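The values are calculated or read from the model by the stated rules, or taken from the named source; none is laboratory data. The shown structure was predicted, so the numbers you read here are calculated from the model rather than taken from an experiment. Every residue, glycine as well, gets a Cβ built from its backbone with ideal geometry; the counts of neighbours run over all protein chains shown. Each accessible area value is taken on the protein alone, full model and side chains, heavy atoms only, with ligands, DNA and RNA left out. Shrake-Rupley method; radii C 1.70, N 1.55, O 1.52, S 1.80 Å.
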Amino acid sequence: MKRRTFLSSTALASLGVLFTRSGFASSSERNTIKQPSSPIKKPVVVSTWIHGMDANKAAWSLLKANKSALDAVEQGVRVTESDATNRSVGLGGNPDRDGNVTLDACIMNHESECGAVACLQNIENPISVARKVMEGTPHVMIVGKGAEEFAYEKGFPKKNLLTDEAKTAWEKWKATEELKKPEINHENHDTIGMLAIDEDGNLSGACTTSGWAYKLPGRVGDSPIIGAGLFVDNEIGAACATGMGEAVIRIAGSHTVVELMRQGKTPNEACKLAVERIIAKHKDLKGLQVGFLALNKNGEAGGYSTYAGFNYAYTDNAKAELIDAGYEMEW
Ligand code: SD4
């Protein structure tokens, strides 16, 4: 080895720095994900709640045709966004306190590129606007009127998202319950988060919601926040969150789950540890439903929630099923 090369490599070594597949990383940040005992499973798609079953179908039709995980998660969650009967995502979503439906969404690919929109009105598929932010701008997140204008510039049509059913329910809430703190609607389920690994072994994720029913105008939850509602690291795995966004943001939830997988935890263990951290950081746990879903680079999935009731849709070459996640507390 030439003297100069030797000196620079020993200097780097003394700083505890080495090259990894992704470039520079400190030695303590090395990927410690366990090698699978069986062959890596791919493709696989997972998504939150029962509405994930239909969303997975759309995603799976792309994955099995060798399309990218990115295309799969975008097309998958669009199904839920466009479902007017679903009261927590996209069209038909519950409005804010003043009767306006405001949507949050984000998307992240295997190259750690990401895009997000928040507090977006009058656009049926915010996930596709988030993808345009990722692919067509130097930014990560655009919010409010700016996001709406951006969507029109990109050719998205204007649409009234407040269905008659959602309007009637909001009017009833306004008349009788406005002074009560709105609760996360766990009966009707909420946010859809979707994670996929494609035939090439690349991971992507998407997350989209109308957020906390009857929230304060301008409120944004975890769902469009990279690291909170969604995080993807193609060397390790991906995670997404559902439930009370305020709690998820406080622990940078999805990033935490991915980092725990980096430390060698299984998807289930990582989700459980993140849930335990949320529980440890909150004095009032009443109604604090949060669920995490994770998929690692080996194609293994897992989920866990604070309270019973969280489930997720799982699809691979062998099966398509709804899985009940583990949980800490009964209601
Ligand atoms: C949010 N995690 O905005 C989302 C979903 C939600 O009622 O609150 N649904 O916090």
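Local charge sum around Val129 (other residues, Cβ-Cβ under 12 Å, Lys/Arg +1, Asp/Glu -1)? List each step's numbers first, then the result.
On the way: positive: Arg78, Arg131, Lys132, Lys154; negative: Glu74, Glu81, Asp104, Glu124, Glu135, Glu148, Glu149, Glu153.
Once positives and negatives cancel, what remains is -4.
Of the peptides 222-234, 113-125, how do they stack up when ordered by the mean number of other Cβ atoms within 10 Å, highest first?
Values: 222-234: 27.3, 113-125: 23.5.
Per-residue Cβ counts within 10 Å, averaged per peptide and sorted highest first, yield 222-234, 113-125.
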For the modelled label position 7 Å from the Cα of Thr163 along Cα-to-Cβ, which residues of the range 125-139 have backbone nitrogen atoms closer than 11 Å? none
Apply the Karplus parameterisation 6.51 cos²θ - 1.76 cosθ + 1.60, with θ equal to phi minus 60°, to every residue of the range 314-331 and state each ³J(HN,Hα) to the nearest whole Hz, in sequence, with x for glycine and proline. 10, 9, 9, 4, 9, 7, 9, 8, 9, 10, 6, 7, x, 8, 8, 10, 8, 5
Ignoring ligands, DNA and RNA, please state the percent of accessible area on the range 211-331 from carbon and sulfur, probe 1.4 Å. 52
Sorted by accessible area with a 1.4 angstrom probe, largest first, how do Ser47, Ser61 fall? Ser61, Ser47
Given 0.36 nm per residue, what is the gain on full extension from Ser112 to Ala84 after removing their alpha carbon distance, in nm? 6.9 nm
List the pairs from Lys57/Lys283; Lys159/Lys272; Lys57/Lys172; Lys272/Lys297; Lys172/Lys283; Lys215/Lys283 whose alpha-carbon separation is above 28 Å, in the order I gave them. Lys57/Lys283; Lys159/Lys272; Lys57/Lys172; Lys172/Lys283
Please give the length that would be gained between Tyr152 and Leu273 if that part of the chain were fully extended, namely 0.36 nm times their separation in residues minus their C-alpha to C-alpha distance (nm, one decimal). 39.4 nm
Given labels modelled 7 Å from the Cα in the Cβ direction, how far is it in nm from Lys319 to Glu171? 4.6
Amide H neighbours of Trp49 at under 5 Å, excluding residues fewer than 5 places away on the same chain, with H built from the backbone geometry, are Asn311, Tyr312, Ala313
Kindly report the accessible area of the range 38-326 per residue (heavy atoms of protein chains, probe 1.4 Å, no ligands, DNA or RNA), in Å². 39
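How would you rank 89-102, 246-259, 200-213, 314-327, highest first, on the average number of other Cβ atoms within 10 Å across their residues? Don't jump to the answer; show the numbers that get you there.
Values: 89-102: 21.6, 246-259: 23.1, 200-213: 26.4, 314-327: 14.9.
Going from most to least packed, we get 200-213, 246-259, 89-102, 314-327.
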Per-residue accessible area for Phe150 at 1.4 Å probe radius, Å² rounded to 10? 20
Exposure of Leu62 as accessible area (Å², to 10), given a probe of 1.4 Å and all protein chains: 40
Restricting to Cα pairs below 8 Å that are 6+ residues apart, what does the relative contact order work out to for the range 38-326? Please round to a whole percent. 23
With labels modelled as points extended 7 Å from the Cα through the Cβ direction, what inter-label distance (nm, one decimal) is found for Asn66 paired with Lys286? 5.7
